[in-house]
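This report refers to the structure that appears directly beneath it.
The values are calculated or read from the model by the stated rules, or taken from the named source; none is laboratory data. Since the structure is predicted, the reported quantities are computational estimates derived from the model, not experimental observations. Counting neighbours? That spans all protein chains shown, and the Cβs are built from the backbone with ideal geometry, glycine included. All accessible areas refer to the heavy atoms of the entire protein, side chains included, with ligands and DNA or RNA removed. Shrake-Rupley method; radii C 1.70, N 1.55, O 1.52, S 1.80 Å.
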Amino acid sequence: MVVEARENGAGVAVADGGKAAAKLTVKRGEPELVAPAEATPTGEKYYLSNLDQNIAVIVQTVYCYKAKAAPAEDGAGADADADAVAVLRDALAKVLVHYHPLAGRLTISPEMKLAVELTGEGALFVAADAGCDLADVGDLTKPDPAALGQLVYSVPGAKNILEMPPMTAQVTRFKCGGFALGLAMNHCMFDGLGAMEFVNSWAETARGAAELPVPPFLDRTVLSARDPPVISFEHHEFEEIPDISDTAALYGGQELLYRSFCFDPDRLERVRGLALAGGDLGGRCTTFEALSGLVWRARTRALGLAPEQRTKLLFAVDGRRRFEPPLPKGYFGNGIVLTNAVATAGDLLSSPPSRAAGLGQEAVRMVTDEYMRSAVDYFEATRARPSLASTLLITTWSRLAFHDADFGWGEPAMSGPVTLPEKEVILFLAHGKERKSINVLLGLPASAMDAFQNLMDEI
Ligand SMILES: COc1cc(/C=C/C(=O)SCCNC(=O)CCNC(=O)[C@H](O)C(C)(C)COP(=O)(O)OP(=O)(O)OC[C@H]2O[C@@H](n3cnc4c(N)ncnc43)[C@H](O)[C@@H]2OP(=O)(O)O)ccc1O
């Protein structure tokens, strides 16, 4: 996958309907390094597994917090004006003692793999001030990368991930007293579950907890490759599928629009009903399988892919409990594996929805301990990274505990991604009451987005 720097995603895509960019102006202070609050191991290289190598992209997220209520006359809530910058910075130094590789710097090992140089120099931390209220940020479910990108710090001029620290944090204070925490964290350091455990440990530390809720398990050698490597699956995730439909011209010639589509529980049931109709799936299909099949099909149609175009569906599967033995609790790194299904556009579009959903179902079932060990060994033997050519990569954040990140200001009023890391990526996000709805967030060239919208309106 791409290992190139990008400037906050701004300029690569435009929000479709977002109005925040016009109002949001942010003034950043000088970035500083926040090192672990106590001595941590230095001078060695920290091993990253082959599953970490596959996904070395920067993930940018924002968490927004309202101001605390003013203190009552009797003094209750007297820390209402506590400085979020100081609280988050001090807690970061403390939590980095446990997560000390995040204070190091990425390097390439003699085996030509990404590793972390344990320098202990620290995470980059920036305080900033916005010239507006938090309410002016708008709705995070309608992504506006140009505006939200101002809430996350990117190292100016960095040409690749080796020139960026594994994490940066920006705390932006708003006029209303609320603040936003913007994070840019390299996916090679952890997957979604690991990232949430880190952020939630940081938050609990900020609230005064002496111990972490889930201490990180740092040793990634539990996912070392076998010697010699054994490749026992085809691993189409690495296959470069030719773009015979010339979608490159479509993407090159039109603006990339971002939109999100909300599926409430009723609509999700209808999607599942479509996948189950005809009985091909024997009456069994999860919401994820049905929705990913629907989206794969609709995107294929919207992009106008030629009938003989082969198209690949990739998605991340949490392997933590699928490994034998399961990964230790608190495993810090990537415990996710990409699985895949491949079909021609003609096959997907001429078959009922059960076909795409069924292919997704087979892809989920394929992920066994042997599949994941084989994927680890594939990288060992080839150093190949998954290919996104002619691909849809779905990544599901719908069960990630963004809402738990309480630094002392309560649950985030809003949280979510700033942008999508690649044009082939679609995110499933939890939404609404009790987080029972799913928001499907994607970017498409303008004409394809209109076609996709029409297909979604039919559901
Ligand atoms: C670097 O900084 C970051 C990074 C990030 C984010 C990074 C990432 O994106 S990493 C990838 C994150 N995603 C995952 O790890 C995927 C996790 N999900 C799975 O692995 C799933 O098993 C699946 C492969 C997607 C398939 O899902 P599904 O078909 O739903 O099958 P099951 O999971 O077996 O579920 C079956 C059934 O049970 C229900 N269920 C299961 N678990 C739960 C649960 N915890 N809560 C509620 N319900 C559950 C499930 O709903 C199914 O029932 P249905 O009724 O739906 O059919 C971010 C931020 C950073 O800073």
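Each Cα pair under 8 Å and six or more residues apart adds its separation to the average, and for the chain the resulting relative contact order is 22 percent. Measuring nothing but how far apart in sequence close Cα pairs (under 8 Å, 6+ apart) lie, relative to its length, region 248-344 scores a relative contact order of 21 percent. Counting Cα-Cα pairs of region 182-272 in 5 Å increments starting at 0 gives whole-percent bin shares of 2, 8, 8, 9, 11, 13, 16, 15, 11, 5, 1, 0.
For region 332-404, what class follows from the C-alpha gyration tensor (a ≥ b ≥ c being the square roots of its eigenvalues): rounded when a/c is under 1.5, otherwise prolate if a/b is larger than b/c, else oblate? Verdict is oblate for region 332-404.
In terms of its alpha-carbon gyration tensor, region 265-420 comes out oblate; a/c meets the 1.5 threshold, while b/c is at least as large as a/b. Dividing the helix sum by the residues of the chain, where each DSSP H run of 4 or more adds -39500 (n - 2.57), gives a mean residue ellipticity at 222 nm of -8000 deg cm²/dmol.
Considering only 440, 63, 116, and ranking their Cα positions along the charge dipole of the chain that arises from unit charges at the beta-carbon of Lys, Arg, Asp and Glu, the one farthest toward the positive end is 440. Can you tally the net charge around residue 241? Count Lys and Arg as +1, Asp and Glu as -1, for every other residue whose Cβ sits under 9 Å from the Cβ of residue 241. With Lys, Arg at +1 and Asp, Glu at -1, the neighbours total -1. For region 84-216, the solvent-accessible area of protein heavy atoms averages 31 Å² per residue (probe radius 1.4 Å; ligands and nucleic acids excluded). For the chain, with the dipole built from +1 on Lys and Arg beta-carbon atoms and -1 on Asp and Glu ones, taken about the Cα centre, which of 107, 40, 188 lies farthest toward the positive end? Final value for the positive-end residue is 188.
Based on the Kirkwood radius over alpha-carbon pairs, what is the Stokes-Einstein translational diffusion coefficient of region 113-195 at 20 °C with 1.002 mPa s viscosity, in µm²/s? Approximately 148 µm²/s, per Stokes-Einstein.
Taking a Cβ cut-off of under 15 Å around residue 112, the surrounding Lys, Arg, Asp and Glu residues balance to a net charge of +1, with basic ones at +1 and acidic ones at -1. Each of 316, 381, 87 was placed along the dipole of the chain (beta-carbon charges, centred on the mean Cα), and the one lying farthest toward the positive end is 316. Amide H contacts of residue 335 (H built 1.01 Å from N, in plane; Pro and chain starts excluded): 191 sit under 5 Å, all sequence-distant by 5 or more or on other chains. For region 332-449, relative contact order (Cα pairs under 8 Å, six or more residues apart, normalised by length) works out to 17 percent.
Hydrodynamic analysis of region 163-222 uses the Kirkwood radius over alpha carbon pairs. Inserted into Stokes-Einstein at 20 °C and 1.002 mPa s, it gives a translational diffusion coefficient of 159 µm²/s. The charge dipole of the chain, taken about the Cα centre with unit charges on the Cβ atoms of Lys, Arg (+1) and Asp, Glu (-1), comes to about 540 debye, rounded to the nearest 20. Expressed per residue, the C-alpha convex hull volume of region 237-353 stands at 168 Å³. Counted over the chain with a bin width of 10 Å, the fraction of Cα pairs per bin, in whole percents, is 4, 20, 30, 27, 14, 4, 0, 0. Expressed to the nearest 5 percent, the antiparallel share of DSSP beta bridges inside the chain is 75 percent.
For region 256-412, the dipole from Cβ point charges (+1 on Lys and Arg, -1 on Asp and Glu) about the Cα centre works out to 340 debye, to the nearest 20. Between the beta carbons of residue 459 and residue 38, assuming R0 = 51 Å, the FRET efficiency works out to 0.45 to the nearest 0.05.
Once the Kirkwood radius over Cα pairs is known for region 354-459, the Stokes-Einstein relation at 10 °C and 1.306 mPa s delivers a diffusion coefficient of 93 µm²/s.
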